[in-house]
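Here the structure is laid out as structure tokens; the discussion comes afterwards.
The values are calculated or read from the model by the stated rules, or taken from the named source; none is laboratory data. As the structure is a computational prediction, the values presented were derived from the model and not from experiment. For neighbour counting, all protein chains shown are included, and Cβ atoms are generated from backbone atoms with ideal geometry for every residue, glycine included. We work out accessible area using only protein heavy atoms, side chains counted, and drop any ligands, DNA or RNA first. Shrake-Rupley method; radii C 1.70, N 1.55, O 1.52, S 1.80 Å.
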Amino acid sequence: MENGTQILRPTQDPSECTKEVKSLMWVYVLVGNIVRGMGETPILPLGISYIEDFAKSENSPLYIGLIETGAIIGPLIGLLLASFCANVYVDTGSVNTDDLTITPTDTRWVGAWWFGFLICAGVNVLTAIPFFFLPKTLPKEGLENNADIIKNENEDKQREEDKKEKYGITKDFLPFMKSLSCNPIYMLFILISVIQFNAFVSMISFMPKYIEQQYGKSSSDAIFLIGIYNLPPICIGYIIGGLIMKKFKITVKQAAHIGCWLSLLEYLLYFLSFLVTCENSSVVGINTSYEGIPQDLYMGNNIFANCNVDCNCPSKIWDPVCGNNGLSYLSACLAGCETSIGMGINMVFQNCSCIQTSGNSSAVLGLCDKGPDCFLMLQYFLILSAMSSFIYSLAAIPGYMVLLRCMKSEEKSLGVGLHTFCTRVFAGIPAPIYFGALMDSTCLHWGTLKCGESGACRIYDSTTFRYIYLGLPAALRGSSFVPALIILILLRKCHLPGENASSGTELIETKVKGKKNECKDMYQKPTVLNDDELKTKL
């Protein structure tokens, strides 16, 4: 190839390979994430239990909805920050970005991921300060001005603390674990959560990659679109779900039905995503012949042809160019280009013998665009995703209240913590691993590292990628409706008195009255008493 176009070849330097293997920088990132997780994880179970213990029963869904909304606003800001960082080259400041020949849409582009860690670390330190000023206990909402009740509550709490000091934490831990394990509603809810989280963690983790491969967007654009289209509807859904629970005083049975049927509606809407698709990018030597004819993806297509056989082009290089015939090529060398003009990302290759067009054949850096039809399909996909996010988040707060109300008050902290632990261990950790392995099975061309080993995947079979990305979560979520229906049946058989109270002060009774009344005690909503009755009872 002439005029200064240089092809990078894999390096076979063993010392450089050894140096990269011995690098322990990943350990610092791992330890940092472990410490961060240790600090963040207790906030959810303890915070939710804190609200549920000290808020009125009809107000706690709204408060929890606001907490969940705040938990979504953070990722929204984080995604916008990630979109900015992904658009900045990883080595910015140490290299001249004007000399780069790749753009953010190129799969070889690596964004400044480290920049987000620095910003988030500083923000985390600032947000931790207010937690030091939270009181250990609060008076029950609505009873702040009743001195007798406050005094009685303080005496009860003092007795509980003395009991804990005398017997320790382990005395209550095993009975609580046994009680939760024997609670069928609670155990089925954990099963549903684990299955659903396996589906959603996989979808969220690989959604940017799906938008990149399916619709031809850059990673920064994909992250930005996810943040704009998905997270605001989730925030609105959480708030509206909490307001509905507060306004209409939804019972546990009603909340379970709302959560189940809204989730089913969203699940059926989800299948429309299979229809909004784009074709594979036509890359010569991978899925298209040099004559422009689509070929079998897994038959080992010939990368070389008569037009480039004498160019001594490396076969594993990935430096794609788009020819003026609408086809993409693995490199300018494999396109048979002889000369180039321009510098950096504005470089244009000319006299390309493999590009069959009338007139002068030329190519530019990067894969060819997928066209206006694909852009329209992306809009449909994002609209469907926004609608699905809203409907599902609308069902989230009623569903979460079923979890909280199916436990005794003294079990809530442990119950919510155990629920979070199960979803993280059995969904958050394994889902990206097995889902990523399935995604890799659809790879059509692997990148090559300096030492010749396989690197990151450069292009996927978008059709198979779509079936796995959308199909596996659909199968998982479909199976979760079986235990959901069992919960509805169990709740229907249990008598739940005292759920339609309209006003007054709430008093929670947690004494177990025997196995005959076990179902009633397990799911009973707090009895509502007026102030005179409450004073008489105390």
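On the basis of being assigned by the TED database to the domain that holds Phe189 and assigned to a helix (DSSP H, G or I), does Ile487 make the cut?
yes
Among the residues of the range 346-396 satisfying the criterion of being free of Cβ contacts under 8 Å to residues at least 40 places away in the same chain and among the β-branched types (Val, Ile, Thr), which is least open to solvent (accessible area, probe 1.4 Å)? Break it down into steps so the answer makes sense when it comes.
Within the range 346-396, the subset free of Cβ contacts under 8 Å to residues at least 40 places away in the same chain is 346, 348, 350-352, 355, 357-362, 371-372, 376, 379.
From the residues that got through so far, the ones that are among the β-branched types (Val, Ile, Thr) too are 348, 355, 357.
Details: Val348: 40, Ile355: 8, Thr357: 48 Å².
Per the stated criteria, the residue is Ile355.
List, please: which pairs have Cβ atoms under 7 Å, are six or more places apart or on different chains, and start with a residue in the range 89-102 that is touching a residue at least 24 places away in the same chain (Cβ under 8 Å) and end with one that is aliphatic (A, V, I, L, M) and open to solvent by 60 Å² or more (accessible area, probe 1.4 Å)?
Val90/Val110; Leu100/Ile345; Thr101/Ile345
Report yes if Ile192 is of a type in the set (Val, Ile, Thr), part of a helix (DSSP H, G or I) and farther than 29 Å from Leu62 by Cα, otherwise no.
Values: of a type in the set (Val, Ile, Thr): yes; part of a helix (DSSP H, G or I): yes; farther than 29 Å from Leu62 by Cα: no.
Answer is no for this residue.
Would you check which residues across the range 177-189 are open to solvent by 30 Å² or more (accessible area, probe 1.4 Å) and not in a helix (DSSP H, G or I) and list them?
Cys182
Residue under question is Ile345, and the condition is that it be under 38 Å from the mean Cα position of the chain (by Cα), farther than 27 Å from Leu262 by Cβ and outside the structural domain of Ser218 (by the TED database); does it hold? Working first, answer last.
Numbers: under 38 Å from the mean Cα position of the chain (by Cα): yes; farther than 27 Å from Leu262 by Cβ: yes; outside the structural domain of Ser218 (by the TED database): yes.
When the stated conditions are applied, Ile345 passes them.
Does at least one position in the range 221-230 carry a residue that is among the small types (Gly, Ala, Ser) and either under 18 Å from Trp113 (Cα atoms) or open to solvent by 50 Å² or more (accessible area, probe 1.4 Å) (or both)?
First pass over the range 221-230, keeping only residues among the small types (Gly, Ala, Ser): 222, 227.
Remaining after also requiring either under 18 Å from Trp113 (Cα atoms) or open to solvent by 50 Å² or more (accessible area, probe 1.4 Å) (or both): 222, 227.
Yes: one or more hits.
Can you work out which of the residues in the range 239-257 that are assigned to a helix (DSSP H, G or I) and open to solvent by less than 50 Å² (accessible area, probe 1.4 Å) is farthest from Leu327 (Cα to Cα)?
Filtering the range 239-257 down to residues assigned to a helix (DSSP H, G or I) leaves 239-247, 252-257.
Filter once more, so that each one left must be open to solvent by less than 50 Å² (accessible area, probe 1.4 Å): 241-242, 245, 252, 255-256.
Working: Gly241: 49, Gly242: 52, Met245: 55, Val252: 58, Ala255: 54, Ala256: 53 Å.
Selected residue: Val252.
Please give the number of the condition Gln196 fails out of (1) at pLDDT 90 or above; (2) open to solvent by 60 Å² or more (accessible area, probe 1.4 Å).
(2)
Among the listed residues Ser281, Ser273, Ser315, which satisfies the condition of being among the polar types (S, T, N, Q) and assigned to a helix (DSSP H, G or I)?
Details: Ser281 fails: assigned to a helix (DSSP H, G or I); Ser315 fails: assigned to a helix (DSSP H, G or I).
Checking each option against the conditions leaves just Ser273.
For the range 103-116, how many residues are free of Cβ contacts under 8 Å to residues at least 60 places away in the same chain and outside any loop (DSSP other than H, G, I, E, B)? Step through it out loud before you land on a result.
First pass over the range 103-116, keeping only residues free of Cβ contacts under 8 Å to residues at least 60 places away in the same chain: 110, 112-116.
Then keep just the ones that are outside any loop (DSSP other than H, G, I, E, B); that gives 113-116.
Adding up the residues that qualify gives 4.
The rows are residues; the columns are (1) part of a helix (DSSP H, G or I); (2) open to solvent by 70 Å² or more (accessible area, probe 1.4 Å); (3) at pLDDT below 75.
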{"residue": "Leu30", "(1), (2), (3)": "yes, yes, no"}
{"residue": "Asn33", "(1), (2), (3)": "yes, no, no"}
{"residue": "Gly37", "(1), (2), (3)": "yes, no, no"}
{"residue": "Leu46", "(1), (2), (3)": "yes, yes, yes"}
{"residue": "Lys56", "(1), (2), (3)": "no, no, no"}
{"residue": "Pro61", "(1), (2), (3)": "yes, no, no"}
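For the range 425-436, indicate whether the set of residues that are over 20 Å from the mean Cα position of the chain (by Cα), of a type outside the set (Phe, Trp, Tyr) and at pLDDT 90 or above is non-empty.
Of the range 425-436, the ones over 20 Å from the mean Cα position of the chain (by Cα) are none.
No; the residues of the range 425-436 include none that is over 20 Å from the mean Cα position of the chain (by Cα), of a type outside the set (Phe, Trp, Tyr) and at pLDDT 90 or above.
What number of residues within the range 472-481 satisfy the criterion of being more than 17 Å from the chain's Cα centre (by Cα) and open to solvent by 10 Å² or more (accessible area, probe 1.4 Å)? Show your work before the answer.
At the first step, the residues of the range 472-481 found to be more than 17 Å from the chain's Cα centre (by Cα) are 475, 478-481.
Restricting the remaining residues to those that are open to solvent by 10 Å² or more (accessible area, probe 1.4 Å) gives 475, 478-479, 481.
Matching residues across the range 472-481 total 4.
Pick from the range 63-85 the residues that are in contact with a Phe, Trp or Tyr (Cβ under 8 Å, 6 or more places away or on another chain) and open to solvent by 60 Å² or more (accessible area, probe 1.4 Å): which of them is farthest from Ile239 (Cα to Cα)?
Leu80
Kindly establish whether Ile286 is outside the structural domain of Thr357 (by the TED database) and in contact (Cβ under 8 Å) with a residue 40 or more places away in the chain. So that I can check it myself, show each step before the final result.
Numbers: outside the structural domain of Thr357 (by the TED database): no; in contact (Cβ under 8 Å) with a residue 40 or more places away in the chain: yes.
Criteria not met by Ile286.
Taking the range 320-345 only, how many residues are in a strand (DSSP E or B) and open to solvent by 20 Å² or more (accessible area, probe 1.4 Å)? Let's see the steps before the verdict.
First, pick out the residues of the range 320-345 that are in a strand (DSSP E or B): 321-323, 328-329, 339-341.
Then keep just the ones that are open to solvent by 20 Å² or more (accessible area, probe 1.4 Å); that gives 322, 339, 341.
Residues meeting the conditions: 3.
Quick one: how many residues across the range 438-468 are open to solvent by 70 Å² or more (accessible area, probe 1.4 Å) and among the aromatic types (Phe, Trp, Tyr)?
Adding up the residues that qualify gives 2.
Residue check: is Asp91 charged (D, E, K, R), at pLDDT 75 or above and closer than 26 Å to Cys457 by Cα?
Details: charged (D, E, K, R): yes; at pLDDT 75 or above: yes; closer than 26 Å to Cys457 by Cα: yes.
Yes; evaluated as a whole, the condition is true for this residue.
For every residue, the table says whether it meets (1) modelled with pLDDT of 85 or more; (2) exposed (fewer than 11 other Cβ atoms within 10 Å of the Cβ); (3) not assigned by the TED database to the domain that holds Leu376.
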{"site": "Leu265", "(1), (2), (3)": "yes, no, no"}
{"site": "Leu269", "(1), (2), (3)": "yes, no, no"}
{"site": "Leu272", "(1), (2), (3)": "yes, no, no"}
{"site": "Val276", "(1), (2), (3)": "yes, no, no"}
{"site": "Glu291", "(1), (2), (3)": "no, yes, yes"}
{"site": "Gly300", "(1), (2), (3)": "no, yes, yes"}
{"site": "Ile303", "(1), (2), (3)": "no, no, yes"}
